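Q: Okay, here's the structure, questions in a sec.
The values are calculated or read from the model by the stated rules, or taken from the named source; none is laboratory data. A quick note: this is a predicted structure, and the numbers were derived from the prediction, not measured. Here the Cβ positions follow ideal geometry from the backbone for every residue, glycine too, while neighbour counts run over all protein chains shown.
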Amino acid sequence: MDKGKSGFVTIVGRPNVGKSTLMNHLIRQKIAITANKPQTTRDRIRTVYTDERGQVIFLDTPGIHKAKTRLGEYMVETAVKTVPDADVVLWIVEPAAKIGRGEEEIAKLLGKAKKPVVLVINKIDTVPKEEVQKTAAAFEGMLPFERVLYVSALRSVRTEDVMDAIFELLPYGPMYYDEDTVTDQPMQKIAAEMIREKALRALSEEVPHGIAVVTDKMQQRKDGLWEIEASIYCEKESHKGIIIGKGGQMLKKIGSEARADIEKMVEGHASLRLFVKVRKDWRDNTLYLKNLGYSDGNE
Ligand SMILES: Nc1nc2c(ncn2[C@@H]2O[C@H](COP(=O)(O)OP(=O)(O)OP(=O)(O)O)[C@@H](O)[C@H]2O)c(=O)[nH]1
Ligand SMILES: [Mg+2]
C-alpha cells in the first residue's frame with residue numbers, strides 16, 4: 001500500500017452520546033462495551049481499521065464530564081490526553097444537545113489543539129430533522145468544523161460518511177499495524193469488560209458505577225475449553241448482595257450473558273467463574289485504582 005492514508009482518530013464527547021457504539025460500527029466488530037448509562041468507557045480503547053484506502057487507528061475515550069471521584073478524574077484526563085496525538089478528532093454529540101459548560105469545555109480543548117474536527121451528530125433516529133438542524137447550527141458557531149455529519153450509529157444510518165470524511169482528512173502515511181489487527185487490547189481485558197458490560201446493563205442506580213472487573217485466570221485446556229475466573233469488585237457490602245442477587249440469580253445472569261460474548265470472541269467453549277469482592281470506596285483510593293487497572297501506563 002504505497003499511497004495509503006493512515007493516522008490516529010480520537011473519538012471524544014460527553015458521556016453516553018454513542019462514541020463506543022460508533023467506533024464498534026466503523027470497525028465492524030464489537031470491541032468497546034456500550035450501555036445506556038453514562039461513564040461506561042473508562043479507558044482509552046485503541047482499535048484498527050484497514051481497507052484499500054489505508055489504515056485508521058481509532059481511540060475511543062471516556063465521556064468528558066465533571067469528575068466527582070478520582071476514577072472520574074482519571075477518565076477525563078485519559079480522554080483529554082488523546083487529543084494532541086490525533087490527526088483527526090471526531091466530536092460526537094446528541095441530536096438535541098443544549099450547549100452548556102460541558103460542550104464549551106470540549107470546544108475550548110479542541111480549539112486550542114488546532115486539530116481538524118468533524119462534528120458527528122449521532123442518534124438522529126431519536127428526534128425530528130428540524131431539531132438536528134437546530135443543533136448543528138448551534139454547534140457550528142463554536143468551532144470551525146471540517147465536516148458536520150448526521151448519523152445513527154445504532155441503526156447504521158450514514159455512518160459511511162464518517163469513514164469517508166476520515167480518509168479524506170487523514171495524511172498519507174505508513175501502515176502501523178498489520179492488516180488483520182483489530183485491537184491491541186489483550187483478551188483478558190476484553191473478557192473483563194464484557195463482564196462489566198453485562199453487570200452495567202443488569203444493575204441500576206449507583207451499583208453499576210462502582211463496579212470494576214479483573215480477569216484472574218484465562219487459559220485454554222488441552223480439550224479446547226477456556227477456563228476463566230474473574231472478580232467483580234464493588235464499593236459496599238450492600239452492593240455485593242445486590243450483585244449476587246436472590247439465590248445467586250443476578251450473578252448467574254451476568255455470568256451466562258458474559259460467557260456467551262466471550263465464547264464468540266474465543267470462538268470456542270468457555271467456563272466462567274465469577275467472584276464478588278468489596279473494595280471499600282475504591283473509586284477514590286489511589287492504590288485500589290492502580291490495582292484495578294486505572295492508572296497511567298495502563299492501556
Ligand atoms: N437511538 C439511538 N441510540 C444510540 C445510538 N448510538 C448509541 N446509542 C445508545 O446510546 C447508549 C450509549 O452508547 P455508548 O456507545 O455506550 O455511548 P458512549 O458515548 O460510548 O458512552 P460513555 O462510554 O459512557 O462515554 C447506548 O444505549 C447505545 O445503544 C443511535 O444512533 N441511536
Ligand atoms: Mg463509551
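Q: Could you say whether any residue in the range 168-177 is part of a helix (DSSP H, G or I) and within 20 Å of residue 59 (Cα to Cα)?
A: Start the filter on the range 168-177 by keeping residues that are part of a helix (DSSP H, G or I), which leaves 168-169.
Still in the running and within 20 Å of residue 59 (Cα to Cα): 168-169.
Yes: one or more hits.
Q: Mind checking which residues of the range 261-299 are touching a strand residue (DSSP E or B) at 6+ places or on another chain (Cβ under 9 Å), small (Gly, Ala, Ser) and surrounded by fewer than 19 Cβ atoms within 10 Å (Cβ to Cβ)?
A: 268, 271, 293
Q: Related question: Checking residue 197 against (1) acidic (Asp, Glu); (2) surrounded by fewer than 14 Cβ atoms within 10 Å (Cβ to Cβ); (3) part of a helix (DSSP H, G or I): exactly one of these is not met. Which one?
A: (2)
Q: Further question: Before we move on, is residue 46 modelled with pLDDT of 95 or more, in a strand (DSSP E or B) and among the basic types (Lys, Arg)? Talk me through it step by step, then tell me what you get.
A: On the way: modelled with pLDDT of 95 or more: yes; in a strand (DSSP E or B): yes; among the basic types (Lys, Arg): yes.
When the stated conditions are applied, residue 46 passes them.
Q: Separate question: In the range 200-230, what residues are part of a helix (DSSP H, G or I), of a type in the set (A, V, I, L, M, F, W, C) and farther than 23 Å from residue 58 by Cβ? Reasoning before the result, please.
A: If we filter the range 200-230 for residues that are part of a helix (DSSP H, G or I), which is where we start, we get 200-202, 208-210.
Adding the requirement that they be of a type in the set (A, V, I, L, M, F, W, C) leaves 200, 202.
202 - this is the single residue of the range 200-230 that is part of a helix (DSSP H, G or I), of a type in the set (A, V, I, L, M, F, W, C) and farther than 23 Å from residue 58 by Cβ.
Q: May I pose another question? Go through the range 48-63 and give me each residue that's touching a strand residue (DSSP E or B) at 6+ places or on another chain (Cβ under 6 Å) and within 13 Å of ligand 1 (Cβ to nearest atom).
A: Hits for the range 48-63 are 58, 59, 60, 61.
Q: Consider residue 82 carefully, then state whether it is out of contact with any Asp or Glu (no Cβ under 8 Å at 6 or more places or on another chain), within 16 Å of ligand 2 (Cβ to nearest atom) and of a type in the set (Ser, Thr, Tyr).
A: Taking the combined requirement at face value, the residue satisfies it.
Q: Which of the residues belonging to the range 83-132 are among the polar types (S, T, N, Q) and surrounded by fewer than 22 Cβ atoms within 10 Å (Cβ to Cβ)? Let's see the steps before the verdict.
A: The initial filter retains those residues of the range 83-132 that are among the polar types (S, T, N, Q), namely 122, 126.
126, the sole residue that qualifies.
Q: Evaluate the following for residue 22: is it among the hydrophobic types (A, V, I, L, M, F, W, C) and near ligand 1 (Cβ under 7 Å from one of its atoms)?
A: On the way: among the hydrophobic types (A, V, I, L, M, F, W, C): yes; near ligand 1 (Cβ under 7 Å from one of its atoms): yes.
Yes, satisfied.
Table: residues versus (1) more than 25 Å from residue 29 (Cβ to Cβ); (2) in the same structural domain as residue 33 (by TED's automatic domain parsing); (3) in contact with a helix residue (DSSP H, G or I) (Cβ under 6 Å, 6 or more places away or on another chain).
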{"residue": "220", "(1), (2), (3)": "no, no, no"}
{"residue": "230", "(1), (2), (3)": "no, no, yes"}
{"residue": "241", "(1), (2), (3)": "yes, no, no"}
{"residue": "259", "(1), (2), (3)": "no, no, no"}
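Q: Checking the condition surrounded by 19 or more Cβ atoms within 10 Å (Cβ to Cβ), in a loop (DSSP other than H, G, I, E, B) and within 9 Å of ligand 2 (Cβ to nearest atom), which residue from 11, 33, 64 passes?
A: Values: 11 fails: in a loop (DSSP other than H, G, I, E, B); 64 fails: within 9 Å of ligand 2 (Cβ to nearest atom).
33 is the lone residue from the list that is surrounded by 19 or more Cβ atoms within 10 Å (Cβ to Cβ), in a loop (DSSP other than H, G, I, E, B) and within 9 Å of ligand 2 (Cβ to nearest atom).
Q: Name the one entry in 216, 180 that is over 30 Å from residue 55 (Cβ atoms) and under 23 Å from the mean Cα position of the chain (by Cα).
A: On the way: 180 fails: over 30 Å from residue 55 (Cβ atoms).
Among 216, 180, only 216 is over 30 Å from residue 55 (Cβ atoms) and under 23 Å from the mean Cα position of the chain (by Cα).
Q: Out of 248, 268, report the one residue that is under 26 Å from residue 225 (Cβ atoms), small (Gly, Ala, Ser) and free of Cβ contacts under 8 Å to residues at least 40 places away in the same chain. So that I can check it myself, show each step before the final result.
A: Values: 268 fails: free of Cβ contacts under 8 Å to residues at least 40 places away in the same chain.
Result of the check over 248, 268: 248.
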